[in-house]
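Here the structure is laid out as structure tokens; the discussion comes afterwards.
No lab work stands behind these numbers, since they all come straight from the coordinates. All values derive from a computational prediction rather than experimental measurement. Methodologically, a virtual Cβ is constructed for each residue, glycine included, from the backbone with ideal geometry; neighbour enumeration extends over all protein chains shown.
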Amino acid sequence: MAKHEKPAKYAKHIAAHDPIIDPCWDPVFKSIFTRNTTQSEIARKKLLSAILEKPVKELSISANEPPVSRLDQRQIRYDIQCLFNSGERADIEMTLYPHKWEVFRMEYYLSRLFASQEIREEKGSYRTLKRSYQISLLARGQLFEDKSFDHHFIYYDPENKIPFGGLTAIITLELEKLGVTAKKAVSAMSEKERWAVFFKYYNDTEKQPLIQEITREEEGIAMAADVINGFTADEVAFFHEMSVEKYELDMRAHAQEAEEIGEARGEARGEARGRAEGEARGWKKGRVEGRAEGEARILDLLKKSGYDTQGIEAALKNSE
């Protein structure tokens, strides 16, 4: 790994901010934390330690880099899979605009991560399974209606208030809910809060004094800032190119989604109208058939009782 010559925590300023170099944009986020450098490694471990609230020592990471030509594929994931020395594993990712089905996607990939552990070997068993985490930082929008930006989900029986004690957990950080946290003194912020504020306000001109203070105080964040400041001209050009392509693809996806929603609404309205008309016709037919059946039963009973029903039948016909 490259030697870190100058401690970033003593840096006096942050480099000029390019709107494209936003750590909340998933390719940039991944570029910061998956480099084969001391700065990137320290930043990654410090971020994981802050979120999991315990010391983290990694064994390996998996970058899962998707080819640029396939950015339009929804299954592409800009995640970072980490394996710790303890055997635990975590998947961490930044999502700029969470989809409405985001929680289901998190659960799906956490299940895959947990099940990727090999326990069929000679000494493997269920008791050798290690904890797995899905960590999702959500840059825009809100998934949950409460005011907390930090959630830690585990299996739990809400009726009897008993935790399951399983080995999987989903952790989410919703950066849109940081308004109150960002007003706190840096010294009063937790490490997790400092990281969240850094991601959220890195490119906010008005928040630069706050970002600089956090960078001076938090070693891992200072390392992340060093990585950002060290992006080459080619890398910045690459981010620009990807941003243009992503914008075009996003607009196309939004247009397709709007079209699908419009078609679905049209079908629903047509189905509702057709159902209403069908029910009206059915009700009218049922009323006619029910009346005819009732009249027939009455006439039959009268005939069996010896009544002359000719006059009654004529009266019924005239009333139709």
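Which entries in the list 130/161; 161/200; 57/100 go over 31 Å, if you measure between the two C-alpha atoms of each?
Beyond 31 Å: 161/200; 57/100.
Would you mind calculating the gained length between residue 130 and residue 154 on full extension (0.36 nm times residue separation, minus the Cα-Cα distance), in nm to one decimal?
Length difference between fully extended and current span is 7.2 nm.
What nm value, rounded to one decimal, do you get for the distance between residue 116 and residue 187 when each label is placed 7 Å out toward the C-beta?
Each label point is offset 7 Å from its Cα along the Cβ direction, giving 4.3 nm.
Neighbour counts of other C-beta atoms within 10 Å: give me 38, 181 arranged from fewest to most.
38, 181
When only C-alpha pairs under 8 Å and at least 6 residues apart count, what is the relative contact order of the stretch 156-224, in percent?
Computed value for the stretch 156-224: 22 percent relative contact order.
Give me 232, 172, 128, 37 sorted ascending by neighbouring Cβ count inside 10 Å, so fewest comes first. Intermediate values should be presented prior to the final figure.
Working: 232 8, 172 22, 128 12, 37 17.
Lowest count first: 232, 128, 37, 172.
Quick query: amide H of residue 135 versus all other amide H atoms, modeled in the peptide plane; which residues come in under 5 Å with a sequence gap of 5 or more or a different chain?
When sequence neighbours closer than 5 places are left aside, the close amide H contacts are 91, 92, 93, 171.
Taking amide H atoms as placed 1.01 Å from N in the peptide plane, list the residues 5 or more away in sequence, or in a different chain, whose amide H sits under 5 Å from that of residue 156.
Amide H to amide H, under 5 Å and 5 or more residues apart or across chains, residue 156 pairs with 164.
Using θ = phi - 60° and the Karplus relation 6.51 cos²θ - 1.76 cosθ + 1.60, list the HN-Hα couplings for the stretch 223-231 in order, rounded to whole Hz, with x at every Gly or Pro.
Karplus values, whole Hz, x for Gly and Pro: 5, 4, 5, 4, 4, 4, 5, x, 4.
Could you line up 231, 33, 104 from fewest to most neighbouring Cβ atoms inside 10 Å?
Details: 231 19, 33 24, 104 10.
Starting with the residue having the fewest Cβ neighbours, the order is 104, 231, 33.
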